[in-house]
Amino acid sequence: MTSWTLENDRWRITVKAQGAELCELLDKRQQRQRLWTPDPAVWNNSATQLFPVVGRLIHNGLHHDGEFWPLPAHGFLRQQCFRLVKQRDDRLTLCCEESPETQAIWPFRWRVTTHWHLTATGLTVRWQVENRDCRAFPFALGWHPGFALPQPGWSVRFDRPASGPFFTDNRTLITPETPARTTGFALTADSFTNGAVYFGDMADCGVSVISPQGDCALRLDSPQTPWLALWSVPGADLLCIEPLTGTTDDPQFDGDVCHKRGMQWLAAGDTYHQQLSVTLAQDGEE
């Protein structure tokens, strides 16, 4: 499978053509892989792209105006082959468009472009979603990176109070009318026994992963995404930190796309922009 590599004095990343999946985030000085290495017994991915839906679809698709779109969980983008648009030493641009296979399950013309920039402290990623169709379409967008991090004794801290935590059950999510507020989440051996944990009101709210010694090992800033999901498999040194525009289904969801939490509409000819940055601890900071 085709892939592309960016490298600077400190970091090396590799992005695969399939799904524009980040598959390497290497600290060259420490010779330490910061990204999760796929393991079929735990999670066989490393950083998947989620589009045009996020999470489980309890009706195995979405309904709208008499149409049924048989979309898979998390959408189809992670299975699509991206092509190279431009590459420099520290920057990479990839794109992907609709195909007969995607139009069979989601009948729209679209283009998703990902821009990768390697920095002195980590990585920035930008997305563009273009509506190439003659009608508006609904979508959600997310990123599902997994980092090689231990859990018990560590915690996740927010820059300001967010709503949550909201615990999933069978990959569905109920959010109360008056949710609790929190500025962090302790990672314990049973934090993810039932699956992912969601937090709301996360736009413009930075997320830091804190070691038992109180040091920040990783920081993620995603200004446009109102939702954050944390996920792992108990016993694995894996932590997925997922900035999302939408969520998995409510167990009472009726299947109508207009009622799916977090879906937004993009007018014909318009482009949606989203970006984030990942900042990693330097030598001696962890």
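The values are calculated or read from the model by the stated rules, or taken from the named source; none is laboratory data. Here the structure is a predicted model, which is why all the values come from computation and not from measurement. With ideal geometry, Cβ positions are generated from the backbone for all residues, glycine too; neighbour counts draw on all protein chains shown. Accessible surface is based on the protein model in full, side chains and every heavy atom, while ligands, DNA and RNA are left aside. Shrake-Rupley method; radii C 1.70, N 1.55, O 1.52, S 1.80 Å.
Considering the conditions (1) crowded, with 16+ Cβ neighbours inside 10 Å; (2) on the phi < 0 side of the Ramachandran plot; (3) touching a residue at least 60 places away in the same chain (Cβ under 8 Å); (4) not hydrophobic (A, V, I, L, M, F, W, C), Arg109 is excluded by exactly one of them, (3). Condition test on Pro150, is it in contact (Cβ under 8 Å) with a residue 24 or more places away in the chain, open to solvent by 10 Å² or more (accessible area, probe 1.4 Å) and closer than 30 Å to Ile210 by Cβ? So Pro150 passes the test. Scan region 89-130 for residues that are of a type in the set (Asp, Glu) and more than 19 Å from Leu141 (Cα to Cα) and the total you get is 3.
Given the structure, is Asp159 open to solvent by 40 Å² or more (accessible area, probe 1.4 Å), over 30 Å from Asp254 (Cα atoms) and among the acidic types (Asp, Glu)? Yes: the conditions hold for Asp159. Taken over region 118-147, the criterion of being open to solvent by 30 Å² or more (accessible area, probe 1.4 Å), under 24 Å from Leu230 (Cα atoms) and over 16 Å from the mean Cα position of the chain (by Cα) is satisfied by Thr121 alone. Residues that are charged (D, E, K, R), open to solvent by 80 Å² or more (accessible area, probe 1.4 Å) and at pLDDT 95 or above do not occur anywhere in region 43-59. Taking the numbered list (1) more than 19 Å from the chain's Cα centre (by Cα); (2) at positive phi in turn, Ser99 passes all entries but (2).
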